[in-house]
Amino acid sequence: MTQDEMKRKVAEAALKYVKQGTIVGVGTGSTANMFIDALASMKDDIIGAVASSEATAVRLAGHGITVLDLNKALTKVDSLSVYIDGADEFDAGKNLTKGGGGALTREKIVAAASDAFICIVDESKQVEHLGAFPLPIEVIPMARELVAGIVVGLGGTPKVREGYTTDNGNIIIDVHGLKITDARELEDELNSIPGVVTNGIFSHQGADVVLMGTADGVKTIR
Ligand code: 5RP
């Protein structure tokens, strides 16, 4: 089975976590896109979806799925029923790194507003230790050199993502070579640097369930 076929299978498997009459949080990336395509078959069963990026909003709307602003959604319901998104890496504790597509901040916000986070990945995303995938940090532009310098002090090699601006008007610094031994501690430490909007470690907002596509089918990791 190809990687794309595995992604398609987990995207379809995630539909069973979508409850009728609710608002669904939807992530960003190639796996999330496949989920959006699958969600189209349920568009009349849900109130609508909250998107974690402009690209996701466009794809949802293209399928005729109602796209709701998060603030509006939270005036209708206490929380979104579920957040469904991919990841760049996940470990045994269901901690994630995300943000390969640059949407980490809105992804973290929508995940935090949801009752459960269902993470949809192919088996290549499973790791023993997070950090082999360069860790994205969304940074307010004037803090670029400050944040980069502090990251070097933490043992990482920062690289500004060239020609990229986030949906929030900020830059992304991808940090190579970080050894992430305590995901939660590093998530907090990076987020405490002035100018950091958020970083791509999802430990506080880790997955509740990981659906992993393998050559033998979809595995559910609780
Ligand atoms: C985007 C993300 C994505 O979930 C992550 O990059 C995985 O993407 P894909 O499903 O294309 O492998 O965090 O910001």
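No value in this document is a laboratory result; all are computed from the given coordinates. All figures in this text were calculated on a predicted structure; none of them were measured in a lab. Don't worry about glycine lacking a Cβ; one is built from the backbone with ideal geometry, like all the others, and counts go over all protein chains shown.
Ordered by the number of other Cβ atoms lying within 10 Å of each residue's own Cβ, fewest first, 7, 16 fall into the sequence 16, 7. Exceedance of the 19 Å cut-off in Cα-Cα distance is limited, within the set 9/108; 16/43; 19/219; 72/94; 7/159, to 9/108; 19/219; 72/94; 7/159. Write down the percent of antiparallel bridges among all DSSP beta bridges whose residues are both part of the chain, to the nearest 5. Once the DSSP bridges in the chain are tallied, antiparallel ones form about 55 percent. Shape class of region 135-199 from the alpha-carbon gyration tensor: prolate, with a/c at 1.5 or above and a/b greater than b/c. Taking Cα centroids, how far is region 62-131 from region 162-219 in Å? For region 62-131 versus region 162-219, the Cα centre distance is 11 Å. When the chain is treated as a Gaussian network with alpha carbon springs shorter than 10 Å, the biggest mean-square fluctuation among 199, 168, 191 belongs to 168.
Highest mobility in the GNM of the chain, judged by mean-square fluctuation with C-alpha springs under 10 Å and restricted to 211, 60, 146, is found for 146. Among 134, 158, 194, which one shows the biggest mean-square fluctuation in a GNM of the chain, springs joining Cα atoms closer than 10 Å? Its mean-square fluctuation being the largest, the pick is 194. Sorted fewest first by neighbouring Cβ atoms within 10 angstrom, 142, 1 come out as 142, 1. Each 10 Å bin, from zero up to the one with the longest distance, holds this percent of the alpha carbon pairs of region 30-115: 16, 51, 29, 4.
DSSP loop GluC sites (Glu not before Pro) in region 131-186 with at most 14 other Cβ atoms within 10 Å of their Cβ, which ones? For GluC sites (Glu not before Pro) across region 131-186 that sit outside H, G, I, E and B with at most 14 neighbouring Cβ atoms in 10 Å, the list reads 162.
Residues whose amide H lies under 5 Å from that of residue 116, counting only those 5 or more places away or on a different chain, are 82, 83; hydrogens are built 1.01 Å from N in the peptide plane. Ranking of 127, 196, 110 by neighbouring Cβ atoms within 10 Å, starting from the fewest: 127, 196, 110.
The alpha carbon gyration tensor of region 80-176 gives principal lengths a ≥ b ≥ c with a/c of 1.5 or higher and a/b no greater than b/c, which makes the shape oblate.
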